[in-house]
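The values are calculated or read from the model by the stated rules, or taken from the named source; none is laboratory data. What you see is a predicted model, and the numbers here were worked out from it, not measured in a lab. Please note: Cβ atoms are built from the backbone with ideal geometry, for glycine as well, and neighbour counts cover all protein chains shown. The accessibility values were calculated without ligands, DNA or RNA, using every heavy atom of the protein model including side chains. Shrake-Rupley method; radii C 1.70, N 1.55, O 1.52, S 1.80 Å.
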Amino acid sequence: MGDFNLALVIVAVVVCVLVLLVNVYLLVNYQHPDDVNQAYFPKLVVVLGLSVAAISILMLPADVANRQACQHAIYNGACTLTLPMKALWLVVYIADAVLVFLVIPFAMFYYEGDQDKSIGKRLKSALLWVLTSAVVCGLVLGILYGLVGKVDFTVRHLSSSASSFPSSWSTFSSSQPCIGSTNRLCDAYGAPASSETTWTMRTSFPEYVVALATIVGSVLFTIFGGVGIACLPLGLIFSFIRRPKAVITRSQYIKEATELGKKAKELKKAIEALHQEERSGSKGRKWRKNVKSVEKELFLLEDDMKALEEMYPQGEQAETLWALTVLGYMGKLVLGVIGLIVSVAWVAHIVIYLLITPPISPFLNEVFIKLDSVWGLLGTAAFAIFCFYLLLAVIAGEMMLGLKLVFITIHPMKWGGTLMNSFLFNVGLILLCSISVIQFCSTAFAYYSQATAAQEIFGHTLQSLRGIKYLYKYNVFQYGFVFLAIITLFCYAAFGWKKIKPSGRFQLSS
């Protein structure tokens with residue numbers, strides 16, 4: 001197994017380096033021009049957060065591969081594992097929690113601070129906000145851990161009577177597995193229900209922090225992921241359906257550009273009025289609602305401007321730009337169809353393997369195992385794709401609900417136009433939901449990832465934690481995920497083809 005261990009370590013190091021390089025590339029190409037050559041601390045947090053999220057998802061396939069070092073051992077403790085996965089899981093998820101609840105809020109408070117203030121005052125203000133939040137979170141965690149930080153394992157006391165060692169094995173069969181002819185069932189399997197008891201023990205504080213972070217992430221994952229698993233592929237497909245069919249004339253372009261210019265002037269007046277209210281100190285609930293409305297109107301206006309540029313390409317390479325636009329929409333159609341297949345497979349797997357007891361079939365578990373038998377990393381790659389797809393669904397769901405609901409602030413990710421506060425918000429959302437994605441995947445693919453360190457943390461400790469174990473016992477998150485996915489599918493199929501139009505409604509007091 002020495003060659004296997006060495007290969008696993010090399011792959012782990014190479015993957016970590018590649019993840020870091022890819023995240024730097026995404027940061028450089030997605031950042032807004034206003035953030036070029038500045039905001040270095042938020043950028044460092046973004047790269048670190050994305051790397052932790054990506055590595056945490058890839059750790060589950062690594063955990064499965066790591067367990068193969070003991071595949072010839074009689075029991076798991078009879079050999080030395082290549083990687084200390086349980087310790088690595090705890091380190092990664094404690095880092096995840098620190099980034100989500102401390103570092104990212106600090107970076108956002110600092111970045112969004114009053115630019116007229118000095119750097120020292122902005123640091124002081126951000127630090128005060130974060131310290132206050134940390135003290136409150138620490139007190140809540142400490143109290144909860146002291147009161148209910150225990151796990152309740154249901155165990156059964158099994159015993160069997162002693163018999164003489166048989167001299168022949170010919171009498172044993174599937175219908176007669178035990179010694180003696182009077183009892184066709186072994187004594188241990190025939191134990192009464194009264195032999196069940198509850199074994200209580202206190203969990204470690206790091207595991208408890210991971211568990212609570214998983215609960216918070218599971219709520220967000222259920223809402224955003226359930227909506228996104230349907231709207232992500234359908235959004236790509238309907239984008240192809242709503243695509244510009246032909247290049248418009250110059251007169252049509254001037255007419256549409258004039259209308260967009262009028263909308264831009266209205267938005268400018270609204271923004272100026274909001275700035276005046278902010279200076280006067282009247283930043284109440286109505287003001288915040290108007291700010292979010294203006295943000296959404298501006299987001300939709302930018303989309304309209306982009307669509308107009310696509311319908312009337314200009315310059316010496318206008319024909320090339322139009323050809324690339326057509327190819328881009330065809331690519332969206334292909335990705336949408338592939339995504340729809342993955343979404344249907346996910347929902348079907350949840351219903352077949354998790355919601356029906358006993359499971360009808362291992363379904364995707366068997367698919368991954370068979371792919372591994374074809375080529376060692378094929379099943380692992382497919383497994384990683386399914387996990388990453390859930391994270392993409394979470395982002396798509398957040399964007400969709402952000403455009404529909406007033407109380408959710410949208411933070412769009414645009415190529416060459418993403419501000420650092422939007423970057424930090426989405427990284428925080430990805431980090432928070434990545435814990436839940438791993439827990440969800442370790443449960444959904446329990447057959448494929450059996451006997452791993454992730455199973456020990458997420459499959460036993462988390463699902464036996466006092467106070468929250470019933471959420472997992474009765475599959476609350478899985479039912480919510482499937483319910484929202486089905487509702488979103490019908491709503492999007494009925495109304496998703498319609499393009500969202502700016503409302504143009506603001507309740508400005510001035």
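Give the residues of the range 1-24 that are modelled with pLDDT of 80 or more and of a type outside the set (A, V, I, L, M, F, W, C), sorted by residue number.
N23
Within the range 312-344, take every residue that is small (G, A, S) and within 17 Å of V247 (Cα to Cα) and give me the one that is modelled with the lowest pLDDT.
Going through the qualifying residues, I end up with G315.
Which of the residues spanning the range 452-472 are part of a helix (DSSP H, G or I), open to solvent by 60 Å² or more (accessible area, probe 1.4 Å) and either modelled with pLDDT under 70 or touching a helix residue (DSSP H, G or I) at 6+ places or on another chain (Cβ under 7 Å) (or both)?
Once the filter is applied, which keeps residues that are part of a helix (DSSP H, G or I), open to solvent by 60 Å² or more (accessible area, probe 1.4 Å) and either modelled with pLDDT under 70 or touching a helix residue (DSSP H, G or I) at 6+ places or on another chain (Cβ under 7 Å) (or both), the range 452-472 yields E456, H460, Q463.
Per-residue answers, yes or no, for (1) under 33 Å from the mean Cα position of the chain (by Cα); (2) touching a residue at least 24 places away in the same chain (Cβ under 8 Å); (3) surrounded by fewer than 15 Cβ atoms within 10 Å (Cβ to Cβ):
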| site | (1), (2), (3) |
| --- | --- |
| E256 | no, yes, no |
| A273 | no, yes, no |
| G281 | no, no, yes |
| R285 | yes, no, yes |
| F299 | yes, yes, no |
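Mind counting the residues in the range 191-205 that are open to solvent by less than 50 Å² (accessible area, probe 1.4 Å) and at pLDDT below 75?
2
I'm checking my understanding of the structure. Among residues of the range 373-389 that are open to solvent by less than 40 Å² (accessible area, probe 1.4 Å) and of a type outside the set (S, T, Y), which one is nearest to the chain's Cα centre (by Cα)?
The residue in question is C387.
Can you name the condition, by its number, that L220 falls short on among (1) open to solvent by 70 Å² or more (accessible area, probe 1.4 Å); (2) closer than 30 Å to V140 by Cα; (3) touching a residue at least 60 places away in the same chain (Cβ under 8 Å)?
Only one criterion in (1) open to solvent by 70 Å² or more (accessible area, probe 1.4 Å); (2) closer than 30 Å to V140 by Cα; (3) touching a residue at least 60 places away in the same chain (Cβ under 8 Å) is unmet by L220, namely (1).
Restricting to the range 123-161, count the residues that are modelled with pLDDT under 80, among the β-branched types (V, I, T) and either within 28 Å of the chain's Cα centre (by Cα) or open to solvent by less than 90 Å² (accessible area, probe 1.4 Å) (or both).
Number of matching residues: 3.
Tell me, which residue of the range 44-80 that is hydroxyl-bearing (S, T, Y) and at pLDDT below 80 is surrounded by the fewest Cβ atoms within 10 Å (Cβ to Cβ)?
Within the range 44-80, the match that is surrounded by the fewest Cβ atoms within 10 Å (Cβ to Cβ) is Y75.
Output the number of residues of the range 292-325 satisfying the condition of being among the polar types (S, T, N, Q) and in contact with an Asp or Glu (Cβ under 8 Å, 6 or more places away or on another chain).
Residues meeting the conditions: 1.
Being out of contact with any His (no Cβ under 6 Å at 6 or more places or on another chain), more than 30 Å from G149 (Cα to Cα) and not aromatic (F, W, Y) is true for just one of G235, G226. Which residue is that?
G235
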